[in-house]
1. Please work out the Cα center distance from region 139-201 to region 21-65, rounded to the nearest Å.
2. Quick check: pseudo-label points 7 Å beyond the Cα along Cα→Cβ at Gln270 and Asn179, how many nm apart are they?
3. Relative contact order, percent, of region 74-158 when contacts are C-alpha pairs under 8 Å separated by at least 6 residues?
4. Only Cα pairs under 8 Å and at least 6 apart count here; give the relative contact order of region 54-206 as a rounded whole percent.
5. Angle, helix 203-226 long axis vs. longest principal axis of the chain, Cα atoms, 0 to 90°, nearest 10?
6. Once the Cα atoms of helix 2-14 and of the chain are each reduced to a long axis, what angle between those two axes, in degrees from 0 to 90 to the nearest 10, is obtained?
7. If amide H atoms are built 1.01 Å from N in the plane of the peptide, which residues on other chains or at least 5 residues away come under 5 Å of the amide H of Gln25?
8. Can you give me the Rg/Rh ratio for the chain, using Cα atoms for both radii and the Kirkwood formula for Rh?
Amino acid sequence: DRRQDLYLSILKKRGQLVTNDDGSQTIVSYPQVPLKFPNNLKRDLNDWSKKERLWLNISHFPWPLDETCRKYSVTFAKPKSIPIIGLASYPSSGNTWLRYLIEGITGHYTGSMYNDISLRKKGFYGEGVPSDSGVVVTVKTHGHTTEKGAHMPRPYQVEYNHHNEVNHSAVLLIRNPFNAIIGHRNLDQGGHTGLAKEDQFLGPGWQEFVEIKAQAWLNFYSDWLENNPTENILVLHYENIKQSLKHSLRKIAGFLGFEEHAGRIDCTMQFQTGHFKRQKKKNKR
């Protein structure tokens, strides 16, 4: 594809496409200069061309301006080397933030059942590869609460929760439903970091939204907790992660089968918000 060749030549000029001593190539990424990860790679790795496989050699440096933390990068693992485990949550419960934290402490990209271009543009390159490739640590899912599953009759919704796809195992992230539902309204209206207008939180439309989403929240978590082995699930509360971050990060590393890396944990804590936080609404006085 000529456009890809052109883009790679631009990266080379920028110093972001580096040839290693053994002749292999690495693409380098920073939060300040993220990459345009191709749209069309959410398919079996065996179907990727040799040129496309270059995209598995991305090293993203989340903290390049810090003397101590600049050495740490995030990369794809070798294909099929990481077990497929979900990162399951209701929308707007901190899933993207938790992905950033997991990438920081493990050094590997997180994956997704979706292919969200706005996340890829922020350096979440695992968003663009197949969820069953074994190159990513955890796979994001909102289950039946989004897309087709949201419109299915209740008895069939459990089939849209991706339990099978993630081996009936997950980090299950739970946020206070009051805040999650407000966040969901903001997500629908303002994207990942924007805000909905104030009139979107008033009137019968808002009332109906709350009733539907509150039921979906309850159904989603009930499905996970009632249909999967307890030992396969690490339940994390968004509010507790914020309060005791180090303890949570150590717990996550253990559950995912990674040794604790003190340096990575320290840097992840130092830069704990990342670059993907919703702006706060200012109080009007």
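1. 29
2. 2.6
3. On the way: 142 pairs, mean separation 32.8, N = 85.
It rounds to 39 percent for region 74-158.
4. Relative contact order comes out at 25 percent.
5. Orientation of helix 203-226: about 70 degrees from the principal axis.
6. It is inclined by approximately 70 degrees.
7. Answer set, sorted by chain and number: Asn20.
8. So for the chain, dividing Rg by the Kirkwood Rh gives 0.97.
Each reported figure results from applying straightforward, stated rules to the coordinates on display, with no laboratory input. Small disclaimer: the values here were computed from a predicted structure and weren't measured. Glycine also receives a Cβ, built like all others from the backbone with ideal geometry; neighbour counts cover every protein chain displayed.
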